[in-house]
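Beneath this line is the structure, given in structure tokens, with notes to follow.
The values are calculated or read from the model by the stated rules, or taken from the named source; none is laboratory data. Everything numeric in this text was worked out from a predicted model, so none of it was measured. Every residue, glycine as well, gets a Cβ built from its backbone with ideal geometry; the counts of neighbours run over all protein chains shown. Ligands, DNA and RNA are stripped out before the accessible areas are found, and what is left, the full protein with its side chains, is counted by its heavy atoms. Shrake-Rupley method; radii C 1.70, N 1.55, O 1.52, S 1.80 Å.
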Amino acid sequence: MEFTFSQIIFALFLTLLAGFSTSIGAVIAFFSKKDDLRILSFGLGFSAGVMIYISFMEILPESLREFSEFYQSKWAELFGLVCFFVGIVLSGLIDRLIPQDVNPHEPKDYSEVKMCPVVQIYGKETISYIEKTTKINAKALKRAGIFTAIAIAIHNFPEGFATFISSLDSISLGIMVAIAVALHNIPEGMAVSLPIYHATGDKKKAFIYSSLSGFAEPLGAIIGAVIIFPFMGDLTLAITFAIVAGIMVFISFDELLPTARTYDKAHDSLYGLVIGMAIMALSLNLLQ
């Protein structure tokens, strides 16, 4: 299967926009109060709903259809599902490479404190830095922000690849995936910018680090394209689609929904999840 130059450029453009939504998170972090963050719960739930619906109702079935052109029905389904779980395993391995203490996607215990945004993201260990501002260990707090930026950058590689491939397959599908990933990246931008801002008092520096963490997303798309384009064909596309579906499902269940629950109140994330699925279902039906 061949793609035009304009298709490739548009797919990279969407990936770039999705990646740099971390910058939006940085801006929100500078001005938000705790009560303002409920919208993040809804947005992350919406993002998960979009990704889960797309993965199971569009991308994975498309992969199975492509496999069926080369193999009998039973084997086509088997190969597609194997590739799907390969995507999940690859995402899990990347997640395991990130040390737990700087991994923004690791669950934390929030039960005993009324949390400011920094503590919401990092857990109670950070509260001493924020509450006792006269005793802030700026070096350690800045280190936490930088390592979080690195962790998020590593996480963003497969997300960039998934956005890129989805955009090549369908413009409308790519736009929805890009929106979902962008919503996901907003709290990640907060996770990078807040500790650096509190350590240095420099909003500009915090914004730059946050933006750079999102740069891994288009970079992941470019690297993925360089690797698969020389071998691109219908079978390669079938394999890629199934892996991308696995990546997106892992992101939804391991990152989006647990993070959404951090800001949740009155089932905001669940409402977002259902509405995300419904809008995705409606848009795919109208655009067919």
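Filter the stretch 213-226 for residues that are in contact (Cβ under 8 Å) with a residue 12 or more places away in the chain and either open to solvent by 30 Å² or more (accessible area, probe 1.4 Å) or of a type in the set (A, V, I, L, M) (or both) and give the result. Across the stretch 213-226, the qualifying residues are F215, A216, L219, A221, I222, I223, A225. Being over 14 Å from L194 (Cβ atoms) and at pLDDT below 75 is the filter here; which residues of the stretch 19-35 pass it? Once the filter is applied, which keeps residues that are over 14 Å from L194 (Cβ atoms) and at pLDDT below 75, the stretch 19-35 yields only D35. Inside the stretch 159-203, residues that are at pLDDT 80 or above and at positive phi make up a count of 0. When you check F229 against the structure, is it modelled with pLDDT of 85 or more, in a helix (DSSP H, G or I) and open to solvent by 60 Å² or more (accessible area, probe 1.4 Å), yes or no? Criteria not met by F229. Against the condition touching a residue at least 60 places away in the same chain (Cβ under 8 Å) and either out of contact with any strand residue (DSSP E or B) (no Cβ under 9 Å at 6 or more places or on another chain) or part of a helix (DSSP H, G or I) (or both), how does K205 come out, does it pass? Judged against the criteria, K205 is not a match.
Taking only the stretch 236-257 into account, find how many residues are among the aliphatic types (A, V, I, L, M), open to solvent by 30 Å² or more (accessible area, probe 1.4 Å) and under 19 Å from E58 (Cβ atoms). So the count comes out to 2. With respect to the stated conditions, G80 fails to be out of contact with any His (no Cβ under 7 Å at 6 or more places or on another chain), open to solvent by less than 30 Å² (accessible area, probe 1.4 Å) and modelled with pLDDT under 85.
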